[in-house]
Amino acid sequence: MKLFRKSLGTIVLLCVSVTAYAQYDNYDSVEDWTLEDVEEETPKPQHKEYKNFLYLQYSPSRYLTDDSKLKFHEFSVGYARSIQIMEDLPYFVEVGANIKYSHAKEDGVNYDLLTFRLPVNAVYKLYLSKTKDIALAPYAGIHLRAIAAGKQADWKSFQIGWQTGLRFYYNKVYMGISYARDFPDETKNPHVHESSVHIGYCF
């Protein structure tokens, strides 16, 4: 009888050991303990810095000469190329060109000009959203202006000036304001002061 009880106990102990080992053996790696219904973190959208810009601009301007002050209404269309100069910081250099039609009427005389301008700007973006699609961008730079048609006989064809402004970006579209004028020089004729509003598209 004692031998039977001892044998029975040995069999029960052996069964328990085998069952426990089988349960443990089903989780033979760390991955087996991972919950299958846990979703991976959704990747954040990648922001794209657009390199090309097309824009339209309206500029009420003043052309100052030795004996007159002409108020022009000017309409421009332009293109700019943006180059990021620091990989980890939103500093950019923009190089572009625009063509401008200007009209003024003074003492019954109409003035119509066609002007080309080559602006170069330094730009810094202040991002207002996590995806960087909304931003403010102050900028400043210089330009070369060439009056191609319509200038008066005593006006200079080429002049150099500076500009500064602020843009508001929303995804691919931006709006902005700016101010520009010629560098001080008594020999310049005319001396141009320009205020502008513009809208652009990035691609």
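Where a number appears in this text, it was derived from the coordinates with a stated rule and is not lab data. Here the structure is a predicted model, which is why all the values come from computation and not from measurement. Cβ: placed from backbone, ideal geometry, glycine included. Neighbour counts: every protein chain shown.
A few points about this structure:
- Cut-off 14 Å between beta-carbons: net charge of the residues surrounding TYR91, Lys and Arg +1, Asp and Glu -1: -3
- Summing Cβ point charges (Lys, Arg +1; Asp, Glu -1) relative to the Cα centre of segment 68-203 gives a dipole of roughly 280 debye.
- Of the GluC sites (Glu not before Pro) found in segment 49-91, the ones in coil according to DSSP and having at most 14 other Cβ atoms within 10 Å of their Cβ are GLU49, GLU87.
- Using the Cβ-Cβ distance between LYS51 and ALA148 with R0 set to 35 Å, the FRET efficiency from 1/(1 + (r/R0)^6) comes to roughly 0.80.
- Of the trypsin sites (Lys or Arg not before Pro) found in segment 115-181, the ones in coil according to DSSP and having at most 12 other Cβ atoms within 10 Å of their Cβ are LYS130.
- Inverse of mean 1/r across different Cα pairs in segment 52-202, Kirkwood, Å: 16.3
- Residues in segment 125-133 carry Karplus couplings, in order, of 9, 10, 6, 10, 9, 5, 7, 6, 7 Hz; the curve used is 6.51 cos²θ - 1.76 cosθ + 1.60 with θ = phi - 60°, and Gly or Pro positions show x.
- The GluC sites (Glu not before Pro) found in segment 106-203 that occupy coil by DSSP, while having at most 12 further C-beta atoms within 10 Å, are GLU186.
- Extension reserve of the TRP162-GLU87 stretch, reckoned as 0.36 nm per residue once the Cα distance is removed: 24.3 nm
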